[in-house]
Each structure stands twice: as C-alpha cells, then as structure tokens.
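Novice: Can you read through this structure? Questions will come right after.
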Amino acid sequence: MKIAAGQFTSVPGDIGANVDSMRGLVRAAAGQGAALVAFCELAVTGYDLDLIAGRPELWLSEDDPRLEPLREACRTTSTAALVGCAARTSGPRPTITALVIGPDGELLARYDKTHLYGEENDVFTAGTRDGRFTLDGVRFAVAVCYDNRFPDVAERAKADGCQVYVASSVLDEHNDSFERVYPVRARDNALPVLLANAVGPSGVGDCLGGSAIWGPDGALLATAGAKAPALAVARIPAGRVAAGPDRAASA
C-alpha cells in the first residue's frame, strides 16, 4: 500500500478554497498510486483559534455538504482522505477533528483530538476515544498534533493491532517533533508513521511543511520538503520497512 501526506497553505476561514486545495492533492496522490492522503490539523479552516471560536458556521458536520468536492475526488479516484477540521458536537463547543473519507466518498471514521494544547482548551471540547480505521485490510491509528507528545497513544495503537500511525499536525519552524517525536514513535513501536503538516502562517507561527513518512525502524522514507504545497508518498508494506524512499512531488 502507498500512503501520502499532503501539505498546503490553508486560507483562514475559506472552506471552499481549502477543500479545493485538498481535492487537487487527492487527485495528485491518486496519480502516484496512494490509497490514502492525510492533511494537517484544522486544514479546512486554518489553525486560527479566534476565528473558529467566533464563527460557528465554520464548524463542520460529519456529512457537511461543503466537503462534497473532496468526497467526489475520493470517489472518482478510489482514494481515502483524512481531513482536519473543527467539528460540531452536541454541546456548545466544537472538537478538533480528523474526518476520514473513504474511497467511496462515505465517512469511514471520525477522531476527536483527546489532548488539547494551551488556548485550545478555551475553544474546543476534548475527545475521549482513540482514533482507528481500516482501509484495504490495513488498520490505522489516528492522532492529532499534541496527542503525539504522549507515548502511550502510539503504544495503545501498537497493542491494538494497528499497522500504520497517522499524525495530523500544525508544527511551526521551531518545533522539535520532527526529530524527537515522530521518528521515535515509529522506532519504539515498529510502526510506519505519517505526518501531515501545514505550510505557511498559522496561529502557532510560520509552518515550513516537512510532511513526511517514516518506516517502522524510524528511517525517513519520504518528505514533502519545505515551504511549498507538495506530497510525501511512500509504499508501506504491512509488517516491514519499505525498500526505499519515494520522491516528494509538488502539487
């Protein structure tokens, strides 16, 4: 199986523009044979907490019609997509959510971030369950940004029979997670790890991309590089490390 991390610059609050960017990256990833493409935390709106808190119309439902262009891209390419958004709940606050759209365009899974960071606690409600989904017989774990700082999240994924660990994040240029978290989670748990990061300005500072895939030994398999919309694509055979890195491709 090939998987992909897609990075782009979200336009704050412009759901249509951001969905269109993701639609293009889904098509590009499918052209390279990827079965799944993951996007960063809050990709649908951009990571702007004040904007999200002040505009509830930016919160998405699981079947939100504004995601239809992305669902159509998934259907026509038989590709799944993991989409970061603020999602509606039964209460007064949204969650930071990863919606997984299946290759048939239907909702495959929803994961709500369980470890909120800093001012996120003033805007969002924390989730209560680990993220899981199965695609083409492969069991995936999902975590969002600060979740990944907690080793037990990946340890539970391994114990639960997950074969791939997907992280949807927004990391600025000074964040040390590229070296100290993601390859370590891969190596310590013998799991391939995919990181989808943002590019450009965000509520945490400038993000330089660096979306990447590490093999289960912690070795870098693919990177989308810095500062530009792009894909990192790698083949992840279940249970063993891919033979070598796939080239990053610009979108």
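Novice: Roughly speaking, what is the stretch gain from residue 188 to residue 11, that is 0.36 nm per residue apart minus the C-alpha to C-alpha distance, in nm to one decimal?
Specialist: 60.1 nm
Novice: Can you name the helices of the chain, as whole DSSP H runs, whose Cα span along the helix axis is 18 Å or more and whose Kyte-Doolittle mean is not below 0.0?
Specialist: Within the chain the helices that satisfy the rule are 15-31.
Novice: Something else now. So, with +1 on the Cβ of K and R and -1 on the Cβ of D and E, and no other charges, what is the size of the charge dipole of segment 87-233 about its Cα centre, to the nearest 20 debye?
Specialist: 260 debye
Novice: Taking every DSSP beta bridge that has both residues in segment 99-237, what percent is antiparallel when rounded to the nearest 5?
Specialist: 70 percent
Novice: Give me the compactness ratio for segment 105-160, meaning the Cα radius of gyration over 2.2 N^0.38 Å.
Specialist: 1.23
Novice: Once the piece of chain linking residue 219 and residue 68 is laid out straight, how much longer is it, given 0.36 nm per residue of separation minus the C-alpha distance between them?
Specialist: Going from the current span to full extension adds 50.7 nm.
Novice: Taking springs between alpha-carbon atoms closer than 10 angstrom, which of 112, 136, 14 fluctuates most in the Gaussian network model of the chain?
Specialist: 136
Novice: Count the net charge of all other residues whose Cβ sits under 14 Å from the Cβ of residue 78, scoring Lys and Arg as +1 and Asp and Glu as -1.
Specialist: Local charge sum for residue 78: 0.
Novice: Separate question: What are the semi-axes of the equivalent ellipsoid for segment 129-246, taken as the square roots of 5 times the Cα gyration tensor eigenvalues, largest first, in whole Å?
Specialist: The equivalent ellipsoid of segment 129-246 has semi-axes of 22, 16, 12 Å.
Novice: Largest first and to the nearest Å, give the Cα extent of segment 68-213 along each principal axis.
Specialist: Computed over segment 68-213, the largest-to-smallest principal extents equal 38, 38, 29 Å.
Novice: Now for a different question. Roughly what % of DSSP beta bridges within the chain run antiparallel, to the nearest 5?
Specialist: Counting only bridges with both partners in the chain, antiparallel ones make up about 70 percent.
Novice: What percentages, rounded to whole numbers, describe P(r) for segment 146-189 computed over all alpha carbon pairs with 5 Å bin width beginning at zero?
Specialist: 5, 21, 35, 23, 10, 4, 1
Novice: Quick one: work out Rg over Rh on the C-alpha atoms of the chain, Rh as Kirkwood radius.
Specialist: Ratio of gyration radius to Kirkwood radius for the chain: 0.92.
All of the numbers you see were taken from the coordinates with simple rules; none came from a lab. Just so it is clear, the model here is predicted, and its values are computed rather than measured. For neighbour counting, all protein chains shown are included, and Cβ atoms are generated from backbone atoms with ideal geometry for every residue, glycine included.
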